[in-house]
1. What FRET efficiency do you get for Ile153 and His321 if R0 is 35 Å and r is their Cβ-Cβ distance, rounded to the nearest 0.05?
2. Using Cβ contacts closer than 10 Å as the measure, can you line up Asp344, Asp167, Asp28, Asp154 from fewest to most?
3. Which order results if Thr196, Thr9, Thr237 are arranged by neighbouring Cβ count within 10 Å, fewest first?
4. Choose one answer from Met353, Met183, Met256: the residue with the largest mean-square fluctuation in a GNM of the chain with alpha-carbon springs under 10 Å.
5. Suppose every K and R has +1 on its Cβ and every D and E has -1 on its Cβ; what is the size of the dipole of segment 98-192 about the Cα centre, in Debye to the nearest 20?
6. With θ set to phi - 60°, apply the Karplus curve 6.51 cos²θ - 1.76 cosθ + 1.60 along segment 213-222 and write out the HN-Hα couplings as whole Hz, x wherever there is a Gly or Pro.
7. So between Val341 and Val63, what do we pick up on full extension, going 0.36 nm a residue minus the alpha carbon distance?
8. What residue among Ser219, Ser151, Ser202 has the largest mean-square fluctuation in a Gaussian network model of the chain, using Cα springs under 10 Å?
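Every read-out reported here was derived from the displayed coordinates using simple, explicitly stated rules and does not represent laboratory data. Computed from a prediction, not measured in an experiment: that's the story for all the values here. Glycine gets a Cβ as well: all are built from the backbone with ideal geometry, and neighbour counts include every protein chain shown.
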Amino acid sequence: MIALEPFQTHTVENQPEPFAPDNLYTRDLALCEAVARDGAAWAEPALVAYGAVMAREGLDLGVDANRFRPQLRSHDRYGHRVDEIEYHPAYHRLMQLGVEHGVHAFAWRDPQPGAQVARAVLSYLHHQAEQGTSCPLTMSYAAYPVLAKASGIDPQWLSKASAAHYDPRNRPMAEKMGVTFGMGMTEKQGGSDVRTNSTRASVASDGSYTLIGHKWFMSAPMSDAFLVLAQAAGGLTCLLLPRWRPDGSANALRIMRLKDKLGNWSNASSEVEFCNAFAHRIGDEGRGVATILEMVALTRLECLIGSAAEMRMALTQAAHHARQRQAFGKHLIDQPLMRNVLADLALESEAAMVLAMRVARAVDGGGREPREAAFARLATAVGK
Ligand SMILES: Cc1cc2nc3c(=O)[nH]c(=O)nc-3n(C[C@H](O)[C@H](O)[C@H](O)COP(=O)(O)OP(=O)(O)OC[C@H]3O[C@@H](n4cnc5c(N)ncnc54)[C@H](O)[C@@H]3O)c2cc1C
């Protein structure tokens, strides 16, 4: 009889060490240079800290948050509607880290020159580790300037929008120290062309609005409130729709189903219906697109940042692999053609990051310099 060594058939050779970077910020020389160039050097301690958190904790959390996908709980066991999403704890931990470190609000909490660039870097680091949570963090970041200009809404919405406190409970805003926001524009008949929105908004005697209609794509449906578009008497209008009514009852926001997506699984993108849902008007009736465009412009900046971040993570993992994997007697990174490919990827990745940070600098300076404001307006759309 032949005595077999245990696991004789499972020899692991020529495989790289597990990918385990120690800091996504300090290891990115081009990013550190961009931070200095674009005026955010003062924020480096916060960036170094988040680079370490995302490397050591965020990457692993990202795997779990996407492996264990969110589940819709439309009803309780007795048949009552609850319209809740159950997330894996990794999702909540990522949200907590993002909110506490200011991925959604660093620039609003401390609006000094360079703050938008610093916040863009936080978002860039977060997005490398996990993309689904970037969606509610982005929408919360982008909703802030719209809320800041809104009149007649409870000022706590604004102060809690930038708080360093993540509270995932499905409870009214008044019971929370921090809140997050979603956005509802896309309907079945039109996504890019929101002018075709069919959701109706009727004004009540107290000035609030009642919404009847649907949204075909509304991500992060557990957000505390949503900026939505609907047709009021005066035309397409922007409204703030909270999950809870002022009287403490649940708002009439029905989550119909979750989208079956190719990726971005941790993010519970949903189809929703408004069945006489309560909302506050933001801006004038008929000015919905103009009002929500400020939010959309910042989400476009986030598209630049997110794309650059994904390129960076792909490059980092490819380089990690190529440094350790051997083929034809050499490490892959020492094979001339592979080196060419990686150099091309590095160039494109770095260019995408530099563009994103430059546009963030323009958003930063936009309030002070008309030229920067004009550049930001153009470059957010072109860059996306
Ligand atoms: C992961 C994910 C999350 C999302 N979350 C949200 C959310 O939270 N809230 C929300 O409101 N929406 C959300 N959306 C929806 C998204 O914003 C829409 O998909 C987007 O606006 C495009 O609309 P559409 O899919 O209806 O495409 P369409 O508007 O039908 O466009 C189809 C294609 O035509 C192109 N196109 C459109 N107009 C023109 C033109 N004039 N010239 C040339 N090409 C054109 C578009 O670029 C697109 O490639 C999400 C989508 C995804 C994938």
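1. Using R0 = 35 Å, I get an efficiency of 0.10.
2. Asp344, Asp154, Asp167, Asp28
3. The most exposed by this proxy come first: Thr9, Thr196, Thr237.
4. Result for the chain, Cα springs under 10 Å: Met256 fluctuates most.
5. With Lys and Arg at +1 and Asp and Glu at -1, about 120 debye.
6. Once rounded to whole Hz, the list reads x, 8, 10, 8, 8, 9, 7, 6, x, 8.
7. Result: 97.4 nm gained on full extension.
8. Ser151
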